[in-house]
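Take a look at the structure set out below.
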Amino acid sequence: MADPVILLVSGEYLDVLTQQFRRYDHEYDVRGARTAAEAKAELVAAAERGQPVALIVTESQLPDEPMLLAMHDWRAMVPTSRRIVAIPIVRFAEESVSLRPYLQKGKFDTYLVLPQGSRDEEFHYAITELLSDWGATVATSVIDSVRIITPDASPLALAVRDFLDRQGMPHRTYAPESPQGQEALARLDGPPSYPVVHLAASVFADRPVMMPTSTRELAAMIYGRPSDIEVDTVVDLAVVGAGPAGLAAAVYGASEGLSTVVIEAEVIGGQAGTSSMIRNYLGFPRGVSGMRLGQRARVQAIRFGARFFTGWPVEELRPGADGAPHTLVTSGGTVRARAVLVASGVAYRRLGIEPLEDLVGAGVHYGAAMAAAREMEDRDVYVVGGGNSAGQAAIHLARFARSVTILVRRDDLAATMSRYLIDEIEWNPRVSVRPCTQIVDGGAVDGQLGWLLLHDVRTGAEEKVDAGGLFLLIGAAPHCDWLADAVLRDDHGFVLTGRDVPTECWVDGLPPENLATCVPGVFAAGDVRSGSMKRVASASGEGASAVSLVHGYLEGLRVTSGT
């Protein structure tokens, strides 16, 4: 496999950039160009050699063409590459201001000061961040801690790939007749049922080759079962859900000495984990993918002693009476906890069109489906939804798809999407918005999504369009069916907390604490809570804030029990 290209473009400072990028020579094919025309020729040659282009680093001024015009052409040629503008220090004050509107609209990924000497680690920190993001979302992994053996891209195989992507676990897919496929199949006792998953013995000691029927089964194999907790153990805090709220609670709870267990039904990161790039989260000026944010938080929580069980949906909450521990029931065992934080988040609402529901995993996807994005090359793709998740998905899909059309029932995106995403969508030639439109039908061609029937809600006109992919990010339905009836919810199923709890549940005329439910010791945070903001930052803040309330509740238990 040919090394990915890093292309350096500068008339005056090419030698400086070449010197700086020598540290990448052993893993990337670092090439230089002094003009926009030379850069274009290098990109054409890379395509002819079959080499991916990971990164383009260009000086802010080029001798033969305006840099922004050249950048536009390069993005059209290699839309998956990451793009950086390097500004000489003498021009940085002026050009960082003049280029800022184009950065906000997504013309390039970031601008940096051109290095002034050796070991400019701040510069290289940005470079490695972008290379890491490219490697996680575009490149084929050169490491295969997990091997997926399958003859075709079946819905389950795609779901397994997406699960592993979101877990940040290196993996590759192999055909059954490949040497890797033959090695895995030889370990089976009987005929294969695809996909076959082969966990590397060097990473997963004594783990067998398996034929999962769901991603939850794979998660349980990798991460263990709640029954691994000793039967007599009562933990201080059990967190249900490992989205931003649950992860923040795990970090703060474990770091403050609470014995903390997190139970996640699907994948670490929750719905936010499907976001290809979150650009407005505090402390990440170049953005961070939801997967990376979730994995970093998980590692942070584990460092403080939190335990995670992934792939185990909670089936029932049995509240303890008079300060007794609460019990969380899963098919893999039970967890008893003095306090419970409900942070199970929300799921995208179903479209409810039967022919399209039958194609889920075969061109139709709920959520961003990071692995599926790579399958969209040269296809016309549709995204349904007007929130930030839909905007982030559309921008990411545009790196691969021929066209991306966002469908919304409203007149525009202004009421539901952040301005920075709207600006980026408006400036992306591959992305368009079709307002006042809904899908009323669709169907397959050769077993995959092939067409959609669109309905204009203003005029009633209908149009049949070719479609190679459909990504549905519509509305939010809370994960609350497992909660006891005593945990009250609003008319839409979201958990009531604080002053929203009915007055008959108040004690001595006082409402529960802000994130507390009507059941003592049971709290709620994040998107599952009635009245929440449905933003990553607010969910994280609620998860952290809930820990202080847990401390107060546990202290009350100790006072009551006299210990």
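Every number in this text was worked out from the coordinates using simple rules, so none of it is lab data. Not measured: the values here are computed from a predicted model. Glycine also receives a Cβ, built like all others from the backbone with ideal geometry; neighbour counts cover every protein chain displayed.
For region 307-406, applying the loop criterion from DSSP together with a ceiling of 14 other beta carbons within 10 Å to the trypsin sites (Lys or Arg not before Pro) yields Arg349, Arg350, Arg402. Each Lys and Arg contributes +1 and each Asp and Glu -1, all at the Cβ; summed about the Cα centre of region 146-210, the dipole is approximately 160 debye.
When +1 charges are put on Lys and Arg Cβ atoms and -1 charges on Asp and Glu Cβ atoms, the dipole computed for the chain relative to its Cα centre reaches about 640 debye.
The amide H of Ala444, built 1.01 Å from its N in the peptide plane, has Gly450 as neighbours under 5 Å, considering only residues 5 or more places off or on other chains. Mean sequence separation of contacting Cα pairs (under 8 Å, at least six apart), scaled by the length of region 5-137, corresponds to a relative contact order of 23 percent. Phi angles across region 515-528 convert, under the Karplus curve 6.51 cos²θ - 1.76 cosθ + 1.60 with θ = phi - 60°, into 3J(HN,Hα) values of 10, 8, 8, 6, 9, x, x, 10, 10, 9, 8, x, 5, 6 Hz, Gly and Pro given as x. Length, then width, then depth: along the principal axes, the Cα atoms of the chain run 78, 61, 60 Å.
Each DSSP beta bridge with both residues in region 354-472 is either parallel or antiparallel, and the antiparallel ones are about 45%. With a simple spin-label model that places each label point 7 Å from the Cα along the Cα-to-Cβ direction, the separation between Arg318 and Gln19 comes to 7.1 nm. Placing dummy labels 7 Å off each Cα toward the beta-carbon, the span from Val44 to Glu513 is 6.6 nm. Across region 440-451, rounded Karplus estimates of 3J(HN,Hα) from the backbone phi angles (6.51 cos²θ - 1.76 cosθ + 1.60, θ = phi - 60°) give 10, 6, x, x, 9, 9, 6, x, 10, 3, x, 7 Hz, Gly and Pro being marked x.
Projecting the Cα atoms of Ala186, His551, Tyr382 onto the charge dipole of the chain (Cβ charges, centred on the Cα centre) puts His551 farthest toward the positive pole. Label separation (Arg100 vs Ser178): 4.7 nm, computed from points 7 Å beyond Cα along the C-beta direction.
3J(HN,Hα) along region 2-9, derived from phi through the Karplus expression 6.51 cos²θ - 1.76 cosθ + 1.60 where θ = phi - 60°, amounts to 5, 5, x, 8, 10, 9, 10, 10 Hz, with x in place of Gly and Pro. Sites listed here are chymotrypsin sites (Phe, Trp or Tyr not before Pro) in region 128-177 whose DSSP assignment is loop and whose Cβ has at most 12 other Cβ atoms within 10 Å, and the list is empty. The sum of -39500 (n - 2.57) across all DSSP H runs of n ≥ 4, divided by the residue count of the chain, sets its helix-only mean residue ellipticity at 222 nm to -9000 deg cm²/dmol.
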